[in-house]
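Rule-based calculations on the coordinates, nothing more; no lab input. Model, not experiment: these values are computed from the prediction. Cβ coordinates were reconstructed from backbone atoms using ideal geometry, including for glycine residues, and neighbour counts include every protein chain displayed.
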């Protein structure tokens, strides 16, 4: 008997329930790092840093206040099916971005592997590689660019 295809292969981003949408996040933490966006080229160039957002728990690689993150960190972008394609700074491994571009998820994604730690094992997670925004001077952010 054929197994039904998973929701992320049969539904568009706009058709997904909130729970399905949230489950697309692989927990890598890449989008929770601070980035410097080059205004000279209309934001096309993004410089990632090894600095995690003030709300990012660096050990668990999870937001400490997910429900209130947009109020507490005004620069935190709420991903939606309507804006994910325009957010060029999103990691190329991000499930939201991949699906918006019509690409499949990677085998290490927890929805495929069945294991949250597969993201760390694949080397995609920022776990163990960040300093907290709380521990640096904002004026020194350029010193933390990793790309």
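Summary of computed values
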quantity	calculated
Fewest-first sequence of 109, 47 by Cβ atoms within 10 Å of each Cβ	47, 109
Order of 2, 16 - criterion: other Cβ atoms within 10 Å of each residue's Cβ, fewest first	2, 16
Whole-number percent relative contact order across the range 14-134, with pairs defined as alpha carbons under 8 Å at least 6 apart	33
Largest to smallest principal axis extent of the C-alpha atoms in the range 14-134, angstrom	37, 31, 27
